[in-house]
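This report refers to the structure that appears directly beneath it.
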Amino acid sequence: QVQLVESGGGLVQPGGSLRLSCSASGSIFSIYGMGWYRQAPGKQRELVAFITSGGSTNYADFVKGRFTISRDNAKNTVYLQMNSLKPEDTAVYYCYAQSVGSWGQGTQVTVSS
């Protein structure tokens with residue numbers, strides 16, 4: 001079982017930036033496809049960005065050009081750099097390890113003036 005721990009959430013003004021981190025336990029992190037999802041109140045959880053074990057990425061249309069997913073296999077960590085944040089980006093952001101179906105506990109991101 002892989003344990004995932006997210007960090008980096010918080011309150012930011014519209015147009016601001018945050019970087020989320022997700023640290024994974026285990027020694028085979030490098031083979032996992034990793035995703036960031038989010039869930040806003042009253043809405044379904046949705047995919048934000050995904051990175052394969054080989055480093056290929058894809059993004060939801062609503063974050064293209066603003067968010068960047070990356071990974072550091074030496075640190076067992078995946079990142080989500082979020083720029084030009086909008087109020088509609090407010091949600092709990094979750095990290096997901098596809099190969100083992102593990103979720104982190106989530107980190108709250110609130111975009112508000």
Review point. How about K43: which lysines have a C-alpha closer than 24 Å to its C-alpha, ignoring those fewer than 8 places off in the same chain?
Key: K64, K86
Review point. Modelled label-to-label distance, S84 and N58, 7 Å Cα→beta-carbon offset: nm?
Key: 2.2
**Study point:** Compactness relative to 2.2 N^0.38 Å, alpha carbon Rg of the stretch 8-54
**Key:** 1.43
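Extension gain E46-R66, at 0.36 nm per residue separation less the Cα-Cα distance, in nm?
5.5 nm
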Revision key, fill the gap. Expected unfolding gain across V5-V100 under the 0.36 nm per residue rule, minus the alpha-carbon gap, is 32.7 nm
Review point. Can you give the accessible area of V2, probe radius 1.4 Å, in Å² rounded to 10?
Key: 10
Review point. Of the accessible area of the chain, with the probe set at 1.4 angstrom, what percent is carbon plus sulfur?
Key: 46
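Just to confirm the filter: which trypsin sites (Lys or Arg not before Pro) across the stretch 34-72 are DSSP coil and have at most 14 other Cβ within 10 angstrom of their Cβ?
When the trypsin sites (Lys or Arg not before Pro) of the stretch 34-72 are filtered for loop state and at most 14 Cβ neighbours within 10 Å, K43, K64 remain.
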Study note, to complete from the structure: Eigenvalues of the alpha-carbon gyration tensor of the chain, times 5 and square-rooted, give semi-axes in Å, largest first, of 23, 14, 12
Point to revise | Å² per residue, accessible surface of the chain at 1.4 Å | key: 51
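The values are calculated or read from the model by the stated rules, or taken from the named source; none is laboratory data. As the structure is a prediction and not an experimental result, all values here were calculated from the model. When we count neighbours, we look across all protein chains shown, and the Cβ atoms used for this are built from the backbone with ideal geometry, even at glycine. Protein only, heavy atoms only, side chains kept; ligands, DNA and RNA dropped before computing areas. Shrake-Rupley method; radii C 1.70, N 1.55, O 1.52, S 1.80 Å.
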